[in-house]
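**Student:** This is the structure I have questions about; it appears just below.
The values are calculated or read from the model by the stated rules, or taken from the named source; none is laboratory data. What you are looking at is a predicted structure, and each value in this text was computed from that prediction instead of being measured. Note that we place each Cβ from the backbone using ideal geometry, even for glycine, and neighbour counts take in every protein chain shown.
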Amino acid sequence: TSSRRFLRLTQTGAHTSKPCIRRDKHGRGRRRQWPRIPSTICCPLQIIHDISRPLDQLLSTHPVLKPNMMLCVCKHHTHRLCGRQRQAMMEYAGKVVWSLLALGLVSWAWRALAALLWRPLALTRRFAKQGVRGPAYTLFSGSLKEIRAMNTAARKMVLDVHSHDTPPKVLPHYHTWSSQYGETFLYWFGKQPRLCISNPEMAKQVLSKFVFYKKETPRPFLLSLLGKGLVLVEGLDWVRHRRVVSPAFTMDKLKAMTKQMAECTISMFDGWRDQVIHEQGQGKEIEMSIQFQELTANVICRTAFGSSYAEGMEVFLAQKDLQLLAFTTAFDIILPGRQYLPTRANLRKWRLDRTVRGKLKSIIQRRLDSNSSSYGNDLLGLMMDACRTDSGGSQGNLTLNMDEIIDECKTFFFAGHETTSHLLTWTMFLLGSNPQWQERLREEVLRECGMQVPDADMLSKLKLVWY
Ligand code: HEM
């Protein structure tokens, strides 16, 4: 056939005027005159073969060319493939791709096997040799299933008002396992090992060096909640973030914020009074935890964003939704790649994340565009001032970029909100159940502040309150 004839021609290297028949899609043949044969065959792999080599040898060693293949050697079409050549090329490329995929799959499977099976078992054995035990490791979930079950049971438990035995309710797994396996035990958060230590001296040692205290790899929802802020960054990055953020938390800066804190608190009290008046002497039950969550949200928005309070509040509400998502999925088993799938939770997370980032970005950009000497007295402004390179001389590497500032804002929101609101709620609860302490504290506050709104100097005199 034409291909064999053509091969024969190339083997001899002779000049040919014999036509190659090409067929169009209707099956009609079209004659073409072959021009002079060049001295080389250019194959699609860019390997130039000297045509003077015996063709048999060429064909036996070549990865693509086969004896019944039509070689296109014409001068003008050296890069264009004939039908069979193209097919062979595709087959070859397919083989290469499949081989690479297979290689990738095998290496991924090997690493997965090591991370999911070999490492947990080896670590369990190694710790057991040192006398550290814990709940058995289960594939994928680690100890998460047990933790979830214990949490569900603990939620149903009702504590006596005067009981201080909170660990079984708040952290049931710590409570159960520490009594079962001793003060130091090992458990598994998915495939992540967690070593629980209760000895303060040991904790001091661990926390005193970066190398000992590796922060956990955050779960995807926690990462979008906190960003790579102070709580999650490590090593030199942590040092850099810390140096930028610290000036915002000096005592004089905090003192300057007490006025806003007092205003927010007074506005909350006014709300309570209005509710009681509305009840016309019947008394009113007020849920303290909700009140304190609103109060701390107001305080953190005012102190962090000052003039941009309204936008800050929008960011805060989106963050709250993110937080809910992070908490409800905290003990979920994470399958690899699941965070990239468009599940309902992921779609929601992406949308909230976009809102938070977009709004924070616009607040920051507005301040950057303002060209004023200071970016403001709120946390954001103080942080941006600390990153300034134009006025205070060179800051070297001690700056944060826009994304890092955004992540620090997220961190403040999270770190400063729930912590303080729960502290206040718990304090109220304890004061409610210990009226004698209410009396002692009230007496001290009235002695130092009278009926005035406390300022920073007065606060520093409240020894019993601090205690
Ligand atoms: C009752 C109130 C609070 C408690 C009990 C509390 C507790 C803690 C704890 C235990 C840590 C260490 C976490 C760790 O390293 O894994 C921490 C870190 C942190 N907290 Fe608080 N916190 C409170 C209030 C706040 C407030 C109001 C803010 C900011 C507005 C804040 C911002 C931070 C930041 C930025 C870190 C990370 C510090 C670093 O790694 O350098 N916290 N907090």
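**Student:** Collect the residues in region 179-225 that are of a type in the set (S, T, N, Q) and assigned to a loop (DSSP other than H, G, I, E, B), keeping them in residue-number order.
**Tutor:** So in region 179-225, the residues of a type in the set (S, T, N, Q) come out as 179-180, 184, 192, 198-199, 205, 208, 217, 224.
Result: Thr184, Ser198, Asn199, Ser208, Thr217.
**Student:** While we're on this one: Starting from region 217-242, keep only residues that are modelled with pLDDT under 85, then list their pairs with residues that are within 11 Å of the ligand (Cβ to nearest atom) and part of a loop (DSSP other than H, G, I, E, B) whose Cβ atoms are within a distance under 6 Å, requiring at least 6 positions of separation or different chains.
**Tutor:** Listed by first residue and then by second, the contacts come to Pro218/Leu232.
**Student:** Determine whether region 436-448 contains at least one residue that is within 16 Å of the ligand (Cβ to nearest atom) and modelled with pLDDT of 85 or more. It would help to see each step written out before you state the result.
**Tutor:** In the first step, residues of region 436-448 are kept if they are within 16 Å of the ligand (Cβ to nearest atom); the result is none.
No.
**Student:** So is Ser421 among the hydroxyl-bearing types (Ser, Thr, Tyr) and either surrounded by 16 or more Cβ atoms within 10 Å (Cβ to Cβ) or at pLDDT 95 or above (or both) or not? Before the answer, list the steps.
**Tutor:** On the way: among the hydroxyl-bearing types (Ser, Thr, Tyr): yes; either surrounded by 16 or more Cβ atoms within 10 Å (Cβ to Cβ) or at pLDDT 95 or above (or both): yes.
Yes, satisfied.
**Student:** Do the conditions hold for Gly358, that is, is it modelled with pLDDT under 85, more than 15 Å from the ligand (Cβ to nearest atom) and of a type outside the set (A, V, I, L, M)? Give the steps one after another, and end with the answer.
**Tutor:** Details: modelled with pLDDT under 85: no; more than 15 Å from the ligand (Cβ to nearest atom): yes; of a type outside the set (A, V, I, L, M): yes.
No.
**Student:** Okay, moving on. For region 322-340, name all the residues that are under 15 Å from the mean Cα position of the chain (by Cα) and not in a helix (DSSP H, G or I). Let's see the steps before the verdict.
**Tutor:** The initial filter retains those residues of region 322-340 that are under 15 Å from the mean Cα position of the chain (by Cα), namely 322-323, 325-327, 329-330, 334, 336-340.
Hits for region 322-340 are Thr329, Ala330, Ile334, Pro336, Gly337.
**Student:** For region 214-249, which positions are more than 29 Å from Tyr340 (Cα to Cα) and within 12 Å of the ligand (Cβ to nearest atom)?
**Tutor:** We begin by selecting, within region 214-249, every residue more than 29 Å from Tyr340 (Cα to Cα); these are 236, 239-240, 242-249.
The answer is Val239, Arg240, Arg242, Arg243, Val244, Val245, Ser246, Ala248, Phe249.
**Student:** Same structure again: On the given criteria, is Ala345 closer than 15 Å to Leu225 by Cβ and surrounded by 19 or more Cβ atoms within 10 Å (Cβ to Cβ)?
**Tutor:** Values: closer than 15 Å to Leu225 by Cβ: yes; surrounded by 19 or more Cβ atoms within 10 Å (Cβ to Cβ): no.
No.
**Student:** Within region 295-312, how many residues are away from the ligand (no atom under 11 Å from the Cβ), at pLDDT 85 or above and more than 15 Å from Asn377 (Cβ to Cβ)?
**Tutor:** Here the count works out to 3.
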